[in-house]
Amino acid sequence: MRSIDDIEVSGKRVLLRSDLNVPLDKSGSGAITDDGRIRASLPVIRKLADRGARVIVMAHLGRPKGEDFAERAAGGPSLQVVAERLAELLGQPVAFASDLVGPSATSTVAGMADGDVALLENVRFEPAETSKDDSERVRLAQDLAKLGDAYVGDGFGVVHRKQASVYDLPQLLPHAAGDLVVAEVAVLQRLTVDPARPYVVVLGGSKVSDKLGVIGNLLGLADRVLIGGGMVFTFLAALGHEVGTSLLEADHIDSCRAVLAQAAERGVELVLPTDIVVAPRFAADAPPTVVAADAIPEGHMGLDIGPASRELFASKLADAKTVFWNGPMGVFEFPAFAAGTKGVAEAIIGATAKGAFSVVGGGDSAAAVRQLGLPEDGFSHISTGGGASLEYLEGKTLPGIAVLEQS
Ligand code: ADP
Ligand code: MG
């Protein structure tokens, strides 16, 4: 994969696909509530601008709805607020085009000098961006290609999507991977090619159906797989235990049983919690009780792994040399049910301090690290693209990476 150091950008119009999909205040102001993704995108924008490129940034924001560009642009969300924040953080003006391939984009790009930065309006205002119809996407990509001389893919959060600005456009222009994408791919390679052992995978989060693919593939790589979170109850059910009103995906019980059998066959240690923190309802103030994992009382739901499981999971992480963690161990958003997630995160930080290579994937897991006041630099890497990382670890080809690898 070519990096931006391998391509000529001076005096060139460089179309840069970034991930600027920041959360916006839902109560009306529409203000950016966390500008982490904009900050993460700055180094590549700066590097390209410093080298004399005319940097034309493309990004999506939210989930615009509507039949065509006009309807979607009227409904929003617009990237205008992001352009303003980007300009502040860059310390230089960012020209904002109010369309993608229309008159505003054309005149904005025509007005750029070397080292200038511009942002095009939300790519998802063009329905063709995410069309399943290849020819619609290619048409949009052809129009976008007219605006640039080269393409840089730096939006790791979207590389698993076969979309016009991610997949079709790079095939029409000389292209390279941005630094964020290069770094993420290097991390994923380290997790999949000859990882240092013991290799411990910790999985949690809400839905087991989201994670079955990744578990299946990781069984062929990891030495231990620790399972917590809402997904654990389908595993407990697969073992024949009652799970009360806990999250349960009944139609995946058989798949969980198959995973248990496969782990045993491959000699992978699959570790389930031995105790669970339960409550009579899903609420921050619901009274917590610790019960054995095989004795969840009727009418109660499991909202966290218990203290003995926390110890057990920590002991399984203590000597790890490689760790991949995806998915909180409990409903960490409620302080009474956050201890499992915190305990596991601390055990991973401990292993990292002793030299393990540790990776956190998943938006909620990364949010948990911040919300629980844990040091982000206690981990070797916190991925910016949960879905993309998971698909890679499932063994799938990521379309946005595959096209950057082509010459
Ligand atoms: P990530 O974004 O890190 O991949 P997921 O999206 O899979 O993680 O899951 C995160 C959510 O899982 C959190 O909002 C958390 O509250 C929820 N969760 C964890 N444990 C439980 C549980 N026992 N019951 C219900 N929800 C849970
Ligand atoms: Mg999530």
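The values are calculated or read from the model by the stated rules, or taken from the named source; none is laboratory data. None of the values given here were measured: they were computed from a predicted structure. Cβ coordinates were reconstructed from backbone atoms using ideal geometry, including for glycine residues, and neighbour counts include every protein chain displayed. The area values use the complete protein model at the heavy-atom level, side chains included, leaving out ligands, DNA and RNA. Shrake-Rupley method; radii C 1.70, N 1.55, O 1.52, S 1.80 Å.
Which numbered condition trips up Ser358, out of (1) modelled with pLDDT under 90; (2) crowded, with 16+ Cβ neighbours inside 10 Å; (3) not in a loop (DSSP other than H, G, I, E, B)?
(1)
Against the definition (farther than 28 Å from Ser315 by Cα, open to solvent by less than 10 Å² (accessible area, probe 1.4 Å) and either within 16 Å of ligand 2 (Cβ to nearest atom) or among the charged types (D, E, K, R) (or both)), how does Asp179 come out, yes or no?
When the stated conditions are applied, Asp179 does not pass them.
Confirm whether Ala83 is open to solvent by 10 Å² or more (accessible area, probe 1.4 Å) and in a helix (DSSP H, G or I).
So Ala83 does not fit the description; no.
Within the stretch 65-80, which residues are part of a loop (DSSP other than H, G, I, E, B) and at negative phi?
Lys65, Glu67, Asp68, Pro77, Ser78, Leu79
Conditions: (1) within 17 Å of the chain's Cα centre (by Cα); (2) within 18 Å of Glu184 (Cα to Cα). Arg370 meets all but one. Number of the miss?
So the condition that Arg370 fails would be (2).
Tell me, which helices (runs of 4 or more DSSP H) wholly within the stretch 158-267 include 2 or more residues that are modelled with pLDDT of 95 or more, more than 23 Å from the chain's Cα centre (by Cα) and over 21 Å from Thr397 (Cβ atoms)?
232-238, 253-266
Exactly one condition in (1) among the small types (Gly, Ala, Ser); (2) part of a helix (DSSP H, G or I); (3) in contact with a strand residue (DSSP E or B) (Cβ under 9 Å, 6 or more places away or on another chain) is not met by Gly62; state its number.
The failed condition is (2).
Based on this model, can you work out whether Arg310 counts as within 15 Å of ligand 1 (Cβ to nearest atom), among the basic types (Lys, Arg) and crowded, with 23+ Cβ neighbours inside 10 Å?
Against the criterion (within 15 Å of ligand 1 (Cβ to nearest atom), among the basic types (Lys, Arg) and crowded, with 23+ Cβ neighbours inside 10 Å), Arg310 qualifies.
Residues that are open to solvent by 10 Å² or more (accessible area, probe 1.4 Å), more than 12 Å from ligand 1 (Cβ to nearest atom) and farther than 29 Å from Leu191 by Cβ: does the stretch 336-354 have at least one?
Yes, the stretch 336-354 contains a residue that is open to solvent by 10 Å² or more (accessible area, probe 1.4 Å), more than 12 Å from ligand 1 (Cβ to nearest atom) and farther than 29 Å from Leu191 by Cβ.
Answer with yes or no whether Val323 is away from ligand 2 (no atom under 16 Å from the Cβ) and either small (Gly, Ala, Ser) or under 19 Å from the mean Cα position of the chain (by Cα) (or both).
So Val323 passes the test.
Looking at Pro280, Pro273, can you tell me which residue is within 16 Å of ligand 1 (Cβ to nearest atom) and without any contact (Cβ under 8 Å) to a residue 24 or more places away in the chain?
After ruling out the rest, the residue left standing is Pro280.
In the stretch 361-407, which residue that is touching a His at 6+ places or on another chain (Cβ under 7 Å) and among the aliphatic types (A, V, I, L, M) is farthest from Val159 (Cα to Cα)?
Taking the candidates together, the pick is Leu404.
Are any residues in the stretch 11-41 open to solvent by less than 70 Å² (accessible area, probe 1.4 Å), polar (S, T, N, Q) and either assigned to a strand (DSSP E or B) or out of contact with any Ser or Thr (no Cβ under 6 Å at 6 or more places or on another chain) (or both), and if so, which ones?
Asn21
Have a look at Ala128, Ala97 and point out the one that is open to solvent by less than 10 Å² (accessible area, probe 1.4 Å) and without any contact (Cβ under 8 Å) to a residue 40 or more places away in the chain.
Residue meeting the stated conditions: Ala97.
Away from ligand 2 (no atom under 16 Å from the Cβ) and open to solvent by 50 Å² or more (accessible area, probe 1.4 Å) - does that describe any residue in the stretch 361-375?
There is at least one residue in the stretch 361-375 that is away from ligand 2 (no atom under 16 Å from the Cβ) and open to solvent by 50 Å² or more (accessible area, probe 1.4 Å).
Can you name the residue in the stretch 268-283 that is in a loop (DSSP other than H, G, I, E, B) and under 18 Å from Val225 (Cα atoms) and is also most open to solvent (accessible area, probe 1.4 Å) among such residues?
Ranking the qualifying residues of the stretch 268-283, first place goes to Thr274.
Taking Val44 and the conditions (1) over 19 Å from Val159 (Cα atoms); (2) assigned to a helix (DSSP H, G or I), which numbered condition does it fall short on, given that it satisfies the others?
So Val44 meets the others, but not (1).
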